[in-house]
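Participant: Pasting in a structure now, in structure tokens, and then I'll have a few things to ask.
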Amino acid sequence: MRYLLDVNALVALGFFEHAFHSRIASWVARLKSHAGGELLTCSITELGFVRVFIADDHDVSRLPPWAKTARQTTDGHLAELALAHDAALATLAERIPGAFLIPL
């Protein structure tokens, strides 16, 4: 399975002091041990943390129907971008339709 990490997940993974570092680090370790998971980022998530790995050619016309407010725009964009790249949006946020919630 491929997972597009959101900014919160990237920050939690990258900073040992983050409240959710253990949670995401454990999940990443489990992915590596099962040799089937691939982590992805894009220009939006990288603005918050890292370099570009997948092309981000989606514009506002590709937002999902549930993205109705400004607060949902980035989540909707990332969810659709992940879907277009055969991935799941991996997140710590519980309210993103169709996203993979990183387990405790």
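Participant: Looking at the chain as a GNM with Cα springs under 10 Å, which of Asp75, Asp86, Asp57 has the largest mean-square fluctuation?
Facilitator: With Cα springs under 10 Å in the chain, the top fluctuation among Asp75, Asp86, Asp57 is at Asp57.
Participant: GNM on the chain, C-alpha springs below 10 Å: top fluctuator among Gly36, Gly76, Gly14?
Facilitator: Top of the fluctuation ranking is Gly36.
Participant: What percentages make up the Cα-Cα pair-distance distribution of the chain when the bins are 10 Å wide from 0?
Facilitator: Histogramming the chain at 10 Å steps yields 16, 49, 30, 5 percent.
Participant: Amide H neighbours of His18 under 5 Å, counting only residues 5+ apart in sequence or on other chains, H built in-plane at 1.01 Å?
Facilitator: Here the answer is none, since no amide H 5 or more places off falls under 5 Å of that of His18.
Participant: Only counting other Cβ atoms within 10 Å, I'd like Thr73, Thr45 sorted with the fewest neighbours first.
Facilitator: On the way: Thr73 13, Thr45 26.
The fewest-first ordering by Cβ neighbours comes to Thr73, Thr45.
Participant: Mind telling me which of Ala93, Ala82, Ala70 comes out most flexible in a GNM of the chain, alpha-carbon contacts under 10 Å?
Facilitator: Largest GNM mean-square fluctuation: Ala70.
Participant: Neighbouring Cβ atoms within 10 Å as the yardstick, rank Ser26, Ser33, Ser61 fewest first. Provide the component values of the computation, followed by the final result.
Facilitator: On the way: Ser26 13, Ser33 9, Ser61 5.
Taking fewest neighbouring Cβ atoms as first place, the list is Ser61, Ser33, Ser26.
Participant: If you don't mind, there's one more thing I want to ask. Based on DSSP H runs of at least 4 residues, each adding -39500 (n - 2.57), what is the mean residue ellipticity at 222 nm of the chain after dividing by all its residues, to the nearest 500 deg cm²/dmol?
Facilitator: Calculated from helices alone, the mean residue ellipticity at 222 nm is -12000 deg cm²/dmol.
All of the numbers you see were taken from the coordinates with simple rules; none came from a lab. Values in this document were obtained by computation on a predicted structure and should not be read as measured data. Backbone-built Cβ (ideal geometry, glycine too); neighbour counts: all protein chains shown.
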